[in-house]
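The structure under discussion appears below in the form of structure tokens.
The values are calculated or read from the model by the stated rules, or taken from the named source; none is laboratory data. Note that the structure is predicted; figures quoted are calculated from it, not measured. Heads up, the Cβs are rebuilt from the backbone with ideal geometry, glycines too, and the neighbour counts pull from every protein chain shown. Surface areas here come from the heavy atoms of the whole protein model, side chains and all, with no ligands, DNA or RNA. Shrake-Rupley method; radii C 1.70, N 1.55, O 1.52, S 1.80 Å.
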Amino acid sequence: MKYVLLLCILTVFPALVQANPLRIQTGEHATFTRVVIGVPRGIDWQLGRAPDGYVLRLPTQDGYILDQFFELIPRDRITAVSQSPERGELRLSVDCMCHARATIYQSDYLVIDIRDGPAPRISPFELTLPQSAPEKPDIEMPQATERSFEISRNPVLPLITPRYGGESPPDVAEQSATESAAEPVQEFDGALEQEPVPDNDAALQMIAQALGESLGRGLSDGLLQEDLPSSKGDAARAASDNGMALADNAPLPGLNARTSIDTRAVTGTAPKPQTQIGQICLPDSDFDVASWGDDSPPHVQLRKARAALVTPTDQLEEGAVRKLAQLYVYFGFGHEARQVLDLEGTQSRDRIHLRAIARIIDGEPVAQDLFAGQVSCSSQVALWALLAQPQAPVDAQVDRTAVITAYRALPTYVQEPIAARLAETLISLGAEDEAMQVLGRQSAATGEDVALALADAALFDALGEESEAVEKVTDLARNDRRTNPEAMTRFFKEGTASGVAFSDADFLLADALRFELADAPTTEQLADAQFDAYLSVDRFEDARDLLQTRVGDVSPDDWATYRARLFQKAAQRQTDAAFLEFVWPEDMAQDDTETQNAVGARLIALRFPAQALVVMTNDTAGLLGLQQESLREQAMRQVLEQRPVLDPDLNTEAEVATANSPPPSDVLLAGNPTLRTSRALVESAEQSRETIRALLQTVPAPADF
């Protein structure tokens, strides 16, 4: 008789639902958000576009129950929901690159999915619904006589199973099968035709509502299979074919449900998540930051957590320190979380991971081997493992879906400090779509700061829009009062690559930032970028002065590299007078052979062979050594050409040998321009040109010029 009663409930359930506001169940999935509405069978419905999302129109004037709409889903795809009962309209505000898809499930449920991505080319749900005046239904829906009750939300669909095993009496099975086959489901015609049981009307109403809510919730959570029997006759026929009413483990008539709990995990036989090389992934409980706090005000939560630290006997409460540290992490206070953990002095796996998360939030490095290979896990640890090694390449294939899912689950307090770093790391991996999701969520929620603006510029650059990226970084460095060494470093690097004409104000701002933050590690990067910027605009004197200020901070190898770039570029691009003045006082004995060759070749071209010989002093093997030897020979030939002509009547072999031998250094200096003479000649030539130019400007040009 229990199953006969249940079949009756399923038969009359749509009629009972009509009398009340339509209840809505929601569920969140990886690529879509699902909305399930219990509707009467055969009802007409329309779904179309609205200016801010989608609108659903149903012929009902009782409206919808929306009190628990956002209980299980975030406001990511659907940002708001409203209704117009007189029109039977439900409005879903959608603020994402999403599209709607709707269908009727088992004639009793309208399922609306807001799915990621653009809509198909031919989609009936992308059209605007025509305007229609509210209409009253011809049939007045019966109202429930008892107040509906609230049931506790349980993700597991409740099932009703037989209390006793064995076969049911044959007359009950036959009667249920006969009744099911003989009485098809009919549309509700305004009256509930069944024998009323006065004492059971309220109970029947409550059971029907509870069953409907459970079915809707099971469908929205993905717990119901798609192959449910289509009618109660199918269930009765299936029971009669087996020769029994229902066995102990037989499914509920007309239903086939499953639980969201992995039974293999419950029994301990389910495989745990593994990395791509087969290592066990770190447990989710150590990284479930979203569960470490709630929606109450932060000061209230912190006050309660601090109050629970000490017992009445002035002892630290067991576990209270870790909970307070987790709460600090939930609010994005990494340094405070580590200070709290220091109170206890206890080390454990979960505390080590908690400290690592706190350091990552504050932008501090963590041990590289702590999350070895964990970026390939399909769990929350993938996010923190990726942030722990921000410079590509990473040590394993990154599970991008797990990273984005874990990021979206974080509270806003944690998302904000890691968003820019996460976006830049994803961009370095070629994951532009995922980086766009991260930056889009932060821009909509908190507005841009310097780090987000730099990440946004990096995204433009990765998408091939270099000009927009340079423009964004330039505007940030020159016009934003919040600019910092990172912004100036990016400005110099990208400006050097794109040929930006740096001004005195740019270099003055960089000098001020380096002076203000002299001990910060970012100032070294800024100095490197500023050095390259000086070279890009041919300000070699400024580049040399900047290099001199870093004598004690640069290693010998780096020092040699900087000098090589400086003097090689100067030899290529400086004017003759500027080059001579720039390199003449330099002692280049310690510079590498390539640099000496570049400077020596330029001096030889300017007819200063003696100084070229002074510069080229290395004894190096290989091609560079051969090149320097050739340059020395050219310099010696120039020296011999510039020597005074000797008496041709040489009488002794000693005099001939003396004439053909290389001259000593004092002879070279005596027979050729010295440093002082050369510089005086250069300056005299410059002054002469200036004097001539001034005279020409004072004398008017002839009329027929």
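Can you tell me which residues in the stretch 327-365 are among the β-branched types (Val, Ile, Thr), at pLDDT 90 or above and surrounded by fewer than 21 Cβ atoms within 10 Å (Cβ to Cβ)? Ile352, the sole residue that qualifies.
Scan the stretch 483-498 for residues that are open to solvent by 70 Å² or more (accessible area, probe 1.4 Å) and under 23 Å from Ser555 (Cα atoms) and jot them down.
So in the stretch 483-498, the residues open to solvent by 70 Å² or more (accessible area, probe 1.4 Å) come out as 486, 493, 497.
Listed by number, the residues that qualify are Glu486, Lys493.
Among the conditions (1) open to solvent by 80 Å² or more (accessible area, probe 1.4 Å); (2) in contact (Cβ under 8 Å) with a residue 40 or more places away in the chain; (3) closer than 28 Å to Pro609 by Cβ, Ala577 misses just one, which is (1). Within the stretch 499-531, restricting attention to residues that are under 26 Å from the mean Cα position of the chain (by Cα) and open to solvent by 50 Å² or more (accessible area, probe 1.4 Å), which residue is nearest to Glu471 (Cα to Cα)? Only one residue fits best here, namely Gln525. When the stretch 381-437 is filtered for residues that are open to solvent by 40 Å² or more (accessible area, probe 1.4 Å) and touching a residue at least 60 places away in the same chain (Cβ under 8 Å), the ones remaining, listed by number, are Gln397, Thr401, Thr405, Arg408, Ala409, Tyr413, Glu416, Pro417.
Taking the criterion of being out of contact with any Gly (no Cβ under 7 Å at 6 or more places or on another chain) and crowded, with 20+ Cβ neighbours inside 10 Å, the residues of the stretch 608-622 that qualify are Phe608, Pro609, Ala610, Gln611, Leu613. Taking the criterion of being assigned to a loop (DSSP other than H, G, I, E, B) and either among the β-branched types (Val, Ile, Thr) or surrounded by 10 or more Cβ atoms within 10 Å (Cβ to Cβ) (or both), the residues of the stretch 273-307 that qualify are Pro273, Thr275, Gln276, Ile277, Gln279, Cys281, Leu282, Pro283, Phe287, Asp288, Gly293, Asp294.
Given Ala497, Ala419, which one is of a type in the set (A, V, I, L, M) and touching a helix residue (DSSP H, G or I) at 6+ places or on another chain (Cβ under 6 Å)? Before the answer, list the steps.
Numbers: Ala497 fails: touching a helix residue (DSSP H, G or I) at 6+ places or on another chain (Cβ under 6 Å).
The conditions single out Ala419.
If the condition is being more than 14 Å from Leu22 (Cβ to Cβ) and of a type in the set (D, E, K, R), then the stretch 96-114 contributes Arg101, Asp113. Only one of the listed residues (Val300, Val329, Val321) is more than 23 Å from Ser379 (Cα to Cα), among the hydrophobic types (A, V, I, L, M, F, W, C) and touching a helix residue (DSSP H, G or I) at 6+ places or on another chain (Cβ under 8 Å). That residue is Val321. If you go through the stretch 33-51 one residue at a time, do you hit one that is aromatic (Phe, Trp, Tyr) and either modelled with pLDDT of 85 or more or buried (at least 17 other Cβ atoms within 10 Å of the Cβ) (or both)? Yes, the conditions are met somewhere in the stretch 33-51.
Looking at this structure, is Ile357 more than 12 Å from the chain's Cα centre (by Cα) and under 30 Å from Asp95 (Cβ atoms)? So Ile357 fits the description; yes.
The residues listed here are Arg91, Arg115; of these, the one that is basic (Lys, Arg), under 14 Å from Ile24 (Cβ atoms) and not in a loop (DSSP other than H, G, I, E, B) is Arg91.
Among helices (runs of 4 or more DSSP H) lying entirely in the stretch 518-600, which contain 3 or more residues that are not hydrophobic (A, V, I, L, M, F, W, C)? Spell out how you get there, then give the answer.
Values: elements: 522-536, 540-548, 556-573, 576-583.
Here the list reads 522-536, 540-548, 556-573.
Among the numbered conditions (1) crowded, with 20+ Cβ neighbours inside 10 Å; (2) closer than 27 Å to Gly278 by Cβ, the only one that Leu324 does not meet is (2).
Would you confirm, using the coordinates I've provided, whether Ala605 is open to solvent by 10 Å² or more (accessible area, probe 1.4 Å), over 53 Å from the mean Cα position of the chain (by Cα) and among the aliphatic types (A, V, I, L, M)? Steps first, please.
Numbers: open to solvent by 10 Å² or more (accessible area, probe 1.4 Å): yes; over 53 Å from the mean Cα position of the chain (by Cα): yes; among the aliphatic types (A, V, I, L, M): yes.
Yes.
The listed residues are Thr405, Thr412, and the only one of them that is at pLDDT 85 or above, out of contact with any helix residue (DSSP H, G or I) (no Cβ under 7 Å at 6 or more places or on another chain) and within 26 Å of Gly117 (Cβ to Cβ) turns out to be Thr405. Tyr64 passes every criterion in (1) modelled with pLDDT of 85 or more; (2) under 31 Å from the mean Cα position of the chain (by Cα); (3) open to solvent by 10 Å² or more (accessible area, probe 1.4 Å) apart from (2).
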